[in-house]
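Beneath this line is the structure, given in structure tokens, with notes to follow.
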Amino acid sequence: MKVSCLILAAGIGSRLGSLTNDIPKALVPLLGKPLIEHQISTLKSIGVNRIAIASGYCSHKIDSLGYPTYFNKLYENTNMVESLFSSIEFFSNIKTDLLISYGDIVYQKKNLAKVLNSTDEISLMIDEKWLDLWSIRNENPIEDAETLKIDKEGYLLELGKKPENIDQIEGQYTGLIFVKQSKIKDFIEFYKNMDRNRIYDGKIFTKMFMTSFLQSLIDFGWKIKATKVKNGWLEVDTIKDLQIYTKLHKEGNLNSLWEIDN
């Protein structure tokens, strides 16, 4: 498959406490296997073998995995966008499509295939049944959710804002971005031309959230497709998340949210 994948794995994962004392968040184990290795297994199972990783915290642990790595030297004070474009050497001249993935998620092969089958220039994996996952992770799911609005043609209008009610949430962005090879140059140029002095959703440029970057693309007129899925992925932010997933797995109930298919 002519797809290259960049996994963003520079983060410390402070909400995971002592689990990340000496490893980055992406190496925290889920059901006995590091998050990033779950991802890599899924990627390879569908023929995505050109994989690179954006590193930062405990970068030597990421380097030891044996994949090309790109170090975000500002990892302590930046977010995913800085990690992405610290790795620009990896994707600036590639002859393949580009998949960008957060390092703290896992996803099923069927979901990945659906994303990679998108014919749009840029698309995001959006979970229509997000409330199933958010309800088991949070007493008040809306508190940790973000707005997401989609037009009648399936393109995103808004994402990443604080919702006032559940009607403002038509799905949740999962951390998978797919950019067609023909759009990568424009994708890079857009970033390079962004106003470094502007505040993006309350953050300075270097601390901008990925959702703010994506919203900037939308506001500028980019057509970003919502590739809709129903469950089939997990996000790990806290120790509580891991405890919940482990308990569900032992009870045989995790498959309704995510199945290990590799």
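What to note about this one:
- Entry note: region 33-177 has Rg to Rh equal to 0.97, where both radii use alpha-carbon atoms and Rh is the Kirkwood radius.
- Segment HIS249-SER64, length gained on full extension (0.36 nm per residue, minus Cα span): 63.7 nm
- Residues PHE85, PHE220, ordered by accessible area of protein heavy atoms at a 1.4 angstrom probe radius and largest first, appear as PHE220, PHE85.
- Stokes-Einstein diffusion coefficient of region 191-262, Kirkwood radius over Cα pairs, 10 °C, 1.306 mPa s, in µm²/s: 102
- Backbone HN-Hα couplings from phi across region 64-71 [Karplus 6.51/-1.76/1.60, Hz, Gly and Pro as x]: 5, 6, x, 9, x, 10, 10, 8
- Length-normalised contact order of the chain in % [C-alpha pairs under 8 Å, at least 6 apart]: 24
- Accessible area of region 144-250 belonging to carbon and sulfur atoms, whole % at 1.4 Å probe: 48
- For region 122-173, the equivalent ellipsoid derived from the Cα gyration tensor has semi-axes of 19, 12, 8 Å, listed largest first.
- Probe 1.4 Å, protein heavy atoms only - accessible area per residue of the chain in square angstrom: 46
- Multiplying the residue separation of LYS33 and ASP261 by 0.36 nm and removing their Cα-Cα distance gives an extension gain of 80.8 nm.
- Whole-Å semi-axes of the ellipsoid equivalent to region 155-239 (Cα gyration tensor, √5λ, descending): 23, 18, 14
- Highest-fluctuation residue, GLY17, GLY154, GLY171 considered, GNM on the chain with Cα pairs under 10 Å: GLY17
- Distance in nm between pseudo-label sites at ILE199 and LYS149 (7 Å out along the Cβ direction from Cα): 2.2
- With the helix formula -39500 (n - 2.57) applied to DSSP H stretches of n ≥ 4, the chain reaches a computed 222 nm mean residue ellipticity of -8500 deg cm²/dmol.
- Overall shape of region 63-120 was characterised from the C-alpha gyration tensor. The equivalent ellipsoid obtained from it has semi-axes of 23, 15, 13 Å, in decreasing order.
- With the convex hull drawn over the C-alpha atoms of the chain, the volume per residue is 124 Å³.
- Once Rg and the Kirkwood radius are both taken over the C-alpha atoms of region 197-239, their ratio Rg/Rh works out to 1.09.
- Size of region 24-105 from its Cα atoms: along the principal axes, largest to smallest, the extents are 32, 31, 20 Å.
- Taking the chain as a Gaussian network of alpha-carbon nodes connected by springs under 10 Å, the highest mean-square fluctuation of the residues LYS247, LYS95, LYS152 belongs to LYS152.
- Unit charges at the beta carbon, dipole of region 6-75: most positive-side option, ILE23, LEU43, CYS58: LEU43
- Table column - 3J(HN,Hα) (Hz), region 153-165, Karplus curve with 6.51, -1.76, 1.60, x for Gly and Pro: 8, x, 9, 6, 9, 7, 7, x, 8, 7, x, 8, 7
The values are calculated or read from the model by the stated rules, or taken from the named source; none is laboratory data. Since this is a predicted model, take the numbers as computed values, not measurements. Heads up, the Cβs are rebuilt from the backbone with ideal geometry, glycines too, and the neighbour counts pull from every protein chain shown. In case anyone asks, the SASA skips ligands and DNA or RNA and just uses the protein heavy atoms, side chains included. Shrake-Rupley method; radii C 1.70, N 1.55, O 1.52, S 1.80 Å.
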